[in-house]
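As structure tokens, the structure follows; a few thoughts come after it.
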Amino acid sequence: QNIHRLAMEGMRFTDAHSPSTVCTPTRYSIMTGQMVFRLNYPGVFTGVGGPGLIKEDRLTLPGMLRDQGYETALFGKWHIGMSFLDRNGAVINVKEPPRETSRELKQKIGLDAVKRIDYSRAIPDAPIHRGFDHFFGTVCCPTSDWLYAFIDGDRIPTPPTQILDRDKLPKHEWSFDCRIGMVAPDFNHEEVDMVFLEKSLEFLDTHHQENPRKPFFLFHSLQAVHLPSFPGKDFQGKTTAGPHGDFIYQFDHIVGQLMKKLEDLGIAENTLVIVTSDNGPEVGTVINMRSKYQHDGARPWRGVKRDNWEGGHRVPMIVRWPGKVEAGSIAEQTVCLTDIMATCAAITDAKLPNGAAEDSFNILPVLLGEAKDEIREFTLHQTISLDLAIRKGEWKYLDHKGSGGNNYDQAKLKLYALPDTAPNAPGQLYDLKRDPGETNNLYFVYPEIVRELKSKLEQFKESGRSAPRRL
């Protein structure tokens, strides 16, 4: 009900997209305005994976806002990589092993890496070294990855002391994707989101009390509703849609609590609020919710998280900004979460250099209801494996075969596999206006459109940017 209220009080986007079909690259792109395929980084970070993707000299969204006089804070999940040091001061550089690696070997690699951390040493590339004044959260997915401990600033004040005992965690259809890592004494898998909420509420209170005239940027980064679905104890059984339904309920509650705090402090009418997601819904979540509760987080789109079809990256996005954004309005323009950086630059009169936010467009005219034309002529999409797609209006070209992410030959996904209408085509072309479900591959029907879009994709790859150069 809280998110619904936000939508009624603000603008709902029906064609918004995460920059990637998974979280690490999307989060990098939100923080920098740059698509992560330009770094040639595939996959996502787990455990102590690093070093961080954001280089020290890269202008970030919080860094830009801090330069404009804002106080900046992040509470929750980071997941863009950090450098953890061992006893000799060397970086523990462990990335996710290849998919074909056995579960046992992955377990050993992940656990051994966490055990090598020297917790007396600071993390040199934590969020507070990339534009944030305050950070409290986790390095990767809070309840999925090898290191189950909170980071405060650039240190872990309470290090993990024992191996996680999964037998003590809830057992249900949404409790998978929880690696056996090291857990700290103060880390409760079911209550991490309430810890993050408490930190954000404390920040808002303190900031308003000590710096009421100073603007702030708060990035509240939830665990909900990422797997495993572990709703807090106060939310278990609140819905009739199982643990994941309860988790969605908790997500809504947290949004409501943040809004209530803004209202209690008397600043809600002067605060721009954005609610969105970093990728489409997870495979196991969608399959279970479809079969048990007839709920489909990807509907009506084809694909889910990791796929380059719309279900992998078309995400909800709501913007509330009283007096600026028309209440109850709907935006049909195609936008990408990379656009947050250029938009915030426009709002705060920050000047973006050409070597920053290379894939970010200013959508402020859309928010203000002043856009007469499409802001984005082209939009790029990428998968976990760095497969790319490009969108122009109703046309979408995928520069690869298949989903670009999930394997639909797997037993659980076979039910959702669709016949390939152009099996000999090296890519895919869809008319989303007439075929929003991406069922009819028009690659051979409109070769001129394929050539145009593929040429534009190559141009954007070679030039290092998709947004226009700035004066």
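The values are calculated or read from the model by the stated rules, or taken from the named source; none is laboratory data. These numbers come from a predicted model, not from an experiment. Ideal geometry is used to build each Cβ from the backbone, glycine not excepted, and the neighbour counts take in all protein chains shown. Only protein heavy atoms, including side chains, enter the accessible area calculation; ligands, DNA and RNA are left aside. Shrake-Rupley method; radii C 1.70, N 1.55, O 1.52, S 1.80 Å.
Observations, loosely collected:
- Test: residue in the range 193-207 that is of a type in the set (S, T, N, Q) and closer than 24 Å to residue 5 by Cβ: yes
- Counted as qualifying within the range 329-431 are the helices (runs of 4 or more DSSP H) with 3 or more residues that are farther than 17 Å from residue 16 by Cα, namely 339-348, 411-414.
- Residues of the range 62-88 satisfying the condition of being aliphatic (A, V, I, L, M), touching a Phe, Trp or Tyr at 6+ places or on another chain (Cβ under 6 Å) and within 23 Å of residue 348 (Cα to Cα): 65, 73, 74
- Of all residues making up the range 206-236, the number that are open to solvent by less than 30 Å² (accessible area, probe 1.4 Å) and more than 26 Å from residue 341 (Cβ to Cβ): 7
- Tally, over the range 143-192, of residues that are under 21 Å from the mean Cα position of the chain (by Cα), of a type in the set (A, V, I, L, M, F, W, C) and not in a loop (DSSP other than H, G, I, E, B): 3
- Of all residues in the range 297-322, those that are closer than 30 Å to residue 267 by Cβ and open to solvent by 10 Å² or more (accessible area, probe 1.4 Å) have Cβ atoms under 7 Å from Cβ atoms of residues that are basic (Lys, Arg) and outside any helix (DSSP H, G or I), 6 or more apart or on another chain, in 318/12.
- Of all residues in the range 20-72, exactly one satisfies the criterion of being at pLDDT below 95, of a type in the set (Ser, Thr, Tyr) and surrounded by fewer than 24 Cβ atoms within 10 Å (Cβ to Cβ), namely 41.
- Any hit, the range 86-97, residues being at pLDDT below 95, among the acidic types (Asp, Glu), in contact with a helix residue (DSSP H, G or I) (Cβ under 9 Å, 6 or more places away or on another chain) and surrounded by 17 or more Cβ atoms within 10 Å (Cβ to Cβ): yes
- Candidates are the residues of the range 272-296 that are without any contact (Cβ under 8 Å) to a residue 24 or more places away in the chain and not charged (D, E, K, R); the one that is surrounded by the fewest Cβ atoms within 10 Å (Cβ to Cβ) is 294.
- Residues of the range 20-34 classified as touching a strand residue (DSSP E or B) at 6+ places or on another chain (Cβ under 6 Å) and either more than 19 Å from residue 306 (Cβ to Cβ) or not in a helix (DSSP H, G or I) (or both), total: 1
- Single unsatisfied condition, residue 153 versus (1) under 21 Å from residue 228 (Cβ atoms); (2) open to solvent by less than 30 Å² (accessible area, probe 1.4 Å): (1)
- Test result for residue 325, open to solvent by less than 20 Å² (accessible area, probe 1.4 Å) and over 23 Å from the mean Cα position of the chain (by Cα): yes
- For the range 400-430, the tally of residues that are among the hydroxyl-bearing types (Ser, Thr, Tyr), within 23 Å of residue 455 (Cα to Cα) and open to solvent by 70 Å² or more (accessible area, probe 1.4 Å) stands at 0.
- Test: residue 339 is of a type outside the set (A, V, I, L, M, F, W, C), closer than 24 Å to residue 272 by Cα and surrounded by 14 or more Cβ atoms within 10 Å (Cβ to Cβ): yes
- Qualifying residues in the range 431-463 (those that are closer than 16 Å to residue 400 by Cα and within 25 Å of the chain's Cα centre (by Cα)) - the one surrounded by the fewest Cβ atoms within 10 Å (Cβ to Cβ): 461
- Any hit, the range 237-249, residues being in a loop (DSSP other than H, G, I, E, B), open to solvent by 40 Å² or more (accessible area, probe 1.4 Å) and of a type in the set (A, V, I, L, M): no
- Here is the figure for the range 363-386: residues that are at pLDDT 95 or above, open to solvent by 20 Å² or more (accessible area, probe 1.4 Å) and either basic (Lys, Arg) or in contact with an Asp or Glu (Cβ under 7 Å, 6 or more places away or on another chain) (or both) total 1.
- Residue within the range 50-62 that is of a type in the set (Gly, Ala, Ser) and in a strand (DSSP E or B) present: no
- Residue ID - farthest from residue 46 (Cα to Cα), chosen from residues in the range 113-132 that are among the charged types (D, E, K, R) and open to solvent by 60 Å² or more (accessible area, probe 1.4 Å): 121
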